[in-house]
1. Got at least one residue in region 48-60 being assigned to a helix (DSSP H, G or I) and within 15 Å of residue 10 (Cα to Cα)?
2. I need the full set of residues from region 71-99 which are in contact (Cβ under 8 Å) with a residue 24 or more places away in the chain, closer than 16 Å to residue 5 by Cβ and assigned to a helix (DSSP H, G or I), in order please.
3. Just to be sure I understand, how many residues within region 56-76 are within 19 Å of the chain's Cα centre (by Cα) and surrounded by fewer than 12 Cβ atoms within 10 Å (Cβ to Cβ)?
4. Among the candidates 86, 90, which residue alone is modelled with pLDDT of 85 or more, surrounded by 12 or more Cβ atoms within 10 Å (Cβ to Cβ), more than 28 Å from residue 107 (Cα to Cα) and within 12 Å of the chain's Cα centre (by Cα)?
5. Going by the conditions given, is residue 30 modelled with pLDDT under 85 and surrounded by 12 or more Cβ atoms within 10 Å (Cβ to Cβ)?
């Protein structure tokens with residue numbers, strides 16, 4: 001179990017920064033909205049994250065398909081890897097948006 005979690009983390013690290021940094025850059029480009037404005041923007045950011053995740057899955061399955069043999073030796077399928085990466089990405093995104101929201105309310 002520990003090995004599978006470690007391998008899932010390695011897989012997520014190969015592209016996770018981009019899945020986190022691109023929506024944060026979009027949030028920053030929109031003027032760093034907080035409070036009520038952030039609540040309006042969150043559904044759009046979540047849809048944008050779904051879109052980025054789809055692009056990532058497409059690119060990895062087409063361009064880096066040979067890398068999945070490494071994970072297959074540990075009995076991890078592509079579906080398990082991408083599901084774990086999506087959950088980790090969504091949790092990190094939710095935590096970051098929650099921290100931004102709490103910080104904006106706390107500073108006032």
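The values are calculated or read from the model by the stated rules, or taken from the named source; none is laboratory data. Owing to the predicted nature of the structure, the values given are computational and were not obtained by experimental measurement. Reconstructed Cβ throughout: ideal geometry from the backbone, glycine too, with neighbour counts over all protein chains shown.
1. Taking region 48-60 as the starting set, the residues that turn out to be assigned to a helix (DSSP H, G or I) are 48-60.
Checking which are within 15 Å of residue 10 (Cα to Cα) leaves us with 60.
Scanning region 48-60, I find at least one residue that is assigned to a helix (DSSP H, G or I) and within 15 Å of residue 10 (Cα to Cα), so the answer is yes.
2. Quick first cut of region 71-99, residues in contact (Cβ under 8 Å) with a residue 24 or more places away in the chain only: 71, 74-76, 80-82, 84-86, 88-90, 92-93, 96-97.
Those still in the list that are closer than 16 Å to residue 5 by Cβ too: 71, 74-76, 80-82, 84-86, 88-89, 92.
Of everything in region 71-99, those that are in contact (Cβ under 8 Å) with a residue 24 or more places away in the chain, closer than 16 Å to residue 5 by Cβ and assigned to a helix (DSSP H, G or I) turn out to be 71, 80, 81, 82, 84, 85, 86, 88, 89, 92.
3. Looking only at region 56-76, we keep the residues that are within 19 Å of the chain's Cα centre (by Cα), and these are 56-61, 64.
Retained after the next criterion (residues that are surrounded by fewer than 12 Cβ atoms within 10 Å (Cβ to Cβ)): 58-59, 64.
Final tally of qualifying residues: 3.
4. Values: 90 fails: more than 28 Å from residue 107 (Cα to Cα).
Exactly one residue qualifies, and that residue is 86.
5. Details: modelled with pLDDT under 85: yes; surrounded by 12 or more Cβ atoms within 10 Å (Cβ to Cβ): yes.
In short, yes.
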